[in-house]
1. Considering only residues of the stretch 35-54 that are surrounded by fewer than 11 Cβ atoms within 10 Å (Cβ to Cβ) and among the basic types (Lys, Arg), which is modelled with the lowest pLDDT?
2. Could you list, in sequence order, the residues of the stretch 9-34 that are out of contact with any helix residue (DSSP H, G or I) (no Cβ under 7 Å at 6 or more places or on another chain), surrounded by 11 or more Cβ atoms within 10 Å (Cβ to Cβ) and hydrophobic (A, V, I, L, M, F, W, C)?
3. Residues in the stretch 20-34: is at least one modelled with pLDDT under 90 and hydroxyl-bearing (Ser, Thr, Tyr)?
Amino acid sequence: MRKLTSNLNISPTLMRRVVKRELGFHPYEIRRMHMFTEKMKVNRYDKARKLLSIVQKDRKSLFSICHG
């Protein structure tokens with residue numbers, strides 16, 4: 001983009017603004033997200049529920065360990 005700004009004799013700020021607003025381009029790379037399968041979702045949910053039940057049962061000892 002620097003080369004274009006010098007060739008067109010415009011400021012870099014103006015060039016970025018035009019590229020972003022007029023052309024709809026953004027200065028970042030779009031990455032693919034990790035997609036969970038149904039089995040992975042169920043497994044994650046089960047583990048979270050198990051952890052939550054452990055924390056709820058043993059809240060006092062957990063608090064003393066964390067702030068001991």
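1. Here the answer is Lys50.
2. If the condition is that a residue be out of contact with any helix residue (DSSP H, G or I) (no Cβ under 7 Å at 6 or more places or on another chain), surrounded by 11 or more Cβ atoms within 10 Å (Cβ to Cβ) and hydrophobic (A, V, I, L, M, F, W, C), then Ile10, Leu14, Val18, Val19 are the ones that fit.
3. Yes, the stretch 20-34 contains at least one residue that is modelled with pLDDT under 90 and hydroxyl-bearing (Ser, Thr, Tyr).
The values are calculated or read from the model by the stated rules, or taken from the named source; none is laboratory data. Values in this document were obtained by computation on a predicted structure and should not be read as measured data. A quick note on method: Cβ atoms are made from the backbone with ideal geometry, for glycine too, and the neighbour counts reach across all protein chains shown.
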